[in-house]
Structure formats: C-alpha cells, structure tokens
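Everything on this sheet refers to the single structure shown next.
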Amino acid sequence: MLDLAVVGIAQWLPRPGDAPGNLAAALELIAELGQRRCDLILLPELWPSGYSPKSLADDVAGSAEPLDGPRTAALASAAAAAGAWLAAGSVPERDGDDIFNTAMLFARDGELRGVHRKAHLYAPLGEDLIFRAGPQLTVCPTEDFGPLGLPVCFDGDFPETARALRLAGARVVVQASAYEVEAESWWDRLYPARALENGQWWVMSNQCGRTPSGALLGGSQIISPLGHVVSRAAKAHELDGRTEPVLLVSEIALTEELAEADRVNSALWENRREELYRD
C-alpha cells in the first residue's frame with residue numbers, strides 16, 4: 001500500500017441523454033487529473049446517461065453498452081495515459097436483455113481490474129424498474145491500495161456494506177454516487193460513521209447540479225478512517241448556480257491514518273461478537 005496517495009475526484013453535471021458529450025467530458029477530466037499526478041481518479045455514478053429521474057430509463061437505454069464495448073476501451077486508454085488507477089464511476093452496462101448499473105476499476109496500465117454491479121437499487125427514484133440488481137458486493141485486489149471496496153451510491157448507505165467490505169479486507173473504499181440534494185443528511189452523517197466504525201478510507205464522488213427533474217448534491221468527499229472529512233468539494237447550493245466541473249485533488253496519508261485508526265479504534269472491530277449477527 002502507498003504511504004501517501006494523491007486522489008483526484010471529478011465532480012460535474014453530465015447532460016442527461018448526451019452519451020457522446022458525457023464521454024468526451026469524462027475523458028478530458030481524467031486527462032487533467034492525470035496531469036496533476038493523481039494516483040487514484042474517481043468519476044461519479046451514471047455519468048454516461050446523466051441522472052434526471054423522469055428521463056432516466058430512456059437516457060440509460062440510449063447509453064448502455066456491453067462491458068467489452070468502445071466506452072470501456074476509451075476508459076482503459078485514458079487510465080493508461082494518466083498513469084493512474086481509475087475508478088471510472090458507474091455506467092449503464094447492457095448484458096443480453098438486462099441493464100446493470102456497473103462500476104469499473106482500471107489499473108495504471110489500463111487493465112480492467114474490477115467490476116461491480118450495483119446491488120441496492122434506489123426504488124424511490126425508480127432504479128429498480130430500470131436496472132437489474134447485482135448479486136454481491138465487490139472487493140478488488142490492488143497493488144497500491146490493498147483490497148479496495150467498490151460500492152455504488154445506495155450500496156454504501158447500509159451499515160452492513162461497510163462491515164462486509166472490511167471483513168473482506170478492504171481498508172480503502174471508493175464509491176461513485178449520484179446523490180440527491182434531499183438526502184444531504186445521509187451523505188454528511190452516515191459516511192463518517194461508516195469510515196470510523198470500520199477503520200476505512202472512504203473516497204466518494206458525486207454528480208452536482210440541477211437536472212430537468214431533480215438536483216444532485218455534489219459535496220464529493222474524502223473521509224479518513226478516523227471519521228474525519230479531510231477534503232470536500234462544494235455542494236450544489238454553494239455554487240450559486242455555476243455548473244462547471246470541480247476537480248477535488250488531495251494528498252492523503254493512507255497508511256499513517258490507518259495505523260492511527262488501529263491504535264485508537266480497533267475495539268470497534270476486534271471485539272465484535274460475530275456469532276450474534278449470524279442468521
């Protein structure tokens with residue numbers, strides 16, 4: 001695991017229904033973060049389709065591709081050119097008659113290392129009518145970050161997700177999100193607790209701005225394993241209507257903070273009585 005890592009998060013408002021334009025924007029932002037020597041680059045949830053709830057079904061259908069399609073090839077090339085690990089947000093993945101909300105992780109050389117199909121679909125905005133749910137949570141082995149958790153948005157809202165990822169070895173979790181303004185209290189309160197109670201880094205990207213049928217919160221954030229928000233991008237209401245992309249770049253002390261969490265908070269995981277929680 002790296003002692004120090006430069007993390008870069010691209011926060012912006014993709015245009016609903018504009019898959020080619022959104023891909024061009026994503027590739028440009030990846031390149032810019034690569035120039036800033038990021039070790040890890042994050043994109044938000046469903047950036048190819050945008051996230052406007054009323055048109056989401058059509059926008060997803062118009063931007064869905066198989067996992068081995070041209071979008072994946074373009075992202076692999078972008079990761080290799082940037083020389084960074086790329087947590088490429090999530091994309092609409094077509095697999096036969098099904099569409100999944102799928103996160104991808106690329107290594108520094110562009111190899112696709114991890115794929116996670118969102119397992120918890122957000123029914124209040126109709127995701128369960130558009131996507132098929134993934135069957136499991138996902139942890140990806142990496143050389144620079146150890147086992148890395150790869151949830152998508154609503155996946156991470158459940159305390160069991162963070163604990164399951166930790167039990168699978170993940171001390172670093174990267175989460176792509178399209179978190180709505182109405183759930184701001186969840187974003188602000190749940191995730192520092194998840195990080196602290198499991199001794200994990202949580203690195204979280206989010207869409208930001210008003211779509212034709214909803215508003216996305218922004219506030220992309222990096223949370224230490226001590227539960228501290230060490231870096232955060234502006235939220236939508238702090239931008240006074242501005243919609244240009246925001247790049248959040250931060251150097252974090254990966255191993256030092258994990259060691260400190262182990263020193264002061266290890267009772268939260270070492271004294272857990274697993275037998276009490278079995279079915």
Here are Phe131, Phe145: which of them is farther than 26 Å from Ser77 by Cα and among the hydrophobic types (A, V, I, L, M, F, W, C)? Phe131
Only one of Leu121, Leu129 is open to solvent by 60 Å² or more (accessible area, probe 1.4 Å) and either at pLDDT below 95 or closer than 26 Å to Arg15 by Cβ (or both), namely Leu129
All but one of (1) closer than 29 Å to Ala215 by Cα; (2) aliphatic (A, V, I, L, M); (3) open to solvent by 10 Å² or more (accessible area, probe 1.4 Å); (4) not in a loop (DSSP other than H, G, I, E, B) hold for Leu67, so report the exception by its number. (4)
Met204 versus (1) touching a strand residue (DSSP E or B) at 6+ places or on another chain (Cβ under 9 Å); (2) surrounded by fewer than 24 Cβ atoms within 10 Å (Cβ to Cβ); (3) more than 18 Å from Ser266 (Cα to Cα): which is the lone unmet condition? (2)
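With the requirement that a residue be out of contact with any strand residue (DSSP E or B) (no Cβ under 7 Å at 6 or more places or on another chain) and of a type in the set (D, E, K, R), what does the stretch 228-254 give you?
Within the stretch 228-254, Glu238, Asp240, Arg242, Glu244 meet the criteria.
Collect the residues in the stretch 211-227 that are out of contact with any strand residue (DSSP E or B) (no Cβ under 8 Å at 6 or more places or on another chain) and either hydroxyl-bearing (Ser, Thr, Tyr) or modelled with pLDDT of 95 or more (or both), keeping them in residue-number order.
Those that are out of contact with any strand residue (DSSP E or B) (no Cβ under 8 Å at 6 or more places or on another chain) and either hydroxyl-bearing (Ser, Thr, Tyr) or modelled with pLDDT of 95 or more (or both): Thr211, Ser213, Leu226, Gly227.
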Give the residues of the stretch 1-22 that are open to solvent by 40 Å² or more (accessible area, probe 1.4 Å) and not in a strand (DSSP E or B), sorted by residue number. Met1, Leu2, Asp3, Arg15, Pro16, Gly17, Asp18, Pro20
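Name every residue in the stretch 145-163 that is in a helix (DSSP H, G or I), in contact with a strand residue (DSSP E or B) (Cβ under 9 Å, 6 or more places away or on another chain) and not hydroxyl-bearing (Ser, Thr, Tyr), in order of residue number.
Cys153, Phe154, Asp155, Gly156, Ala162
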Kindly indicate which of Glu197, Glu184, Glu160, Glu180 is surrounded by fewer than 24 Cβ atoms within 10 Å (Cβ to Cβ) and free of Cβ contacts under 8 Å to residues at least 24 places away in the same chain. Glu160
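Listed here are the residues, each with its yes/no results for (1) touching a Phe, Trp or Tyr at 6+ places or on another chain (Cβ under 6 Å); (2) at positive phi; (3) aliphatic (A, V, I, L, M).
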| position | (1), (2), (3) |
| --- | --- |
| Ala76 | yes, no, yes |
| Leu105 | no, no, yes |
| Gly110 | no, yes, no |
| Val115 | no, no, yes |
Can you find a residue in the stretch 113-125 that is more than 18 Å from the chain's Cα centre (by Cα) and under 23 Å from Gln200 (Cα atoms)? no
Requiring at least 2 residues that are closer than 15 Å to Ile30 by Cβ and either touching a residue at least 40 places away in the same chain (Cβ under 8 Å) or aliphatic (A, V, I, L, M) (or both), the strands (runs of 3 or more DSSP E) wholly within the stretch 71-129 are 85-95, 98-106
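The values are calculated or read from the model by the stated rules, or taken from the named source; none is laboratory data. Since the model is a prediction, treat every value here as computed from it, not as a measurement. Reconstructed Cβ throughout: ideal geometry from the backbone, glycine too, with neighbour counts over all protein chains shown. Heavy atoms of the whole protein, side chains included, go into the accessibility calculation; ligands, DNA and RNA do not. Shrake-Rupley method; radii C 1.70, N 1.55, O 1.52, S 1.80 Å.
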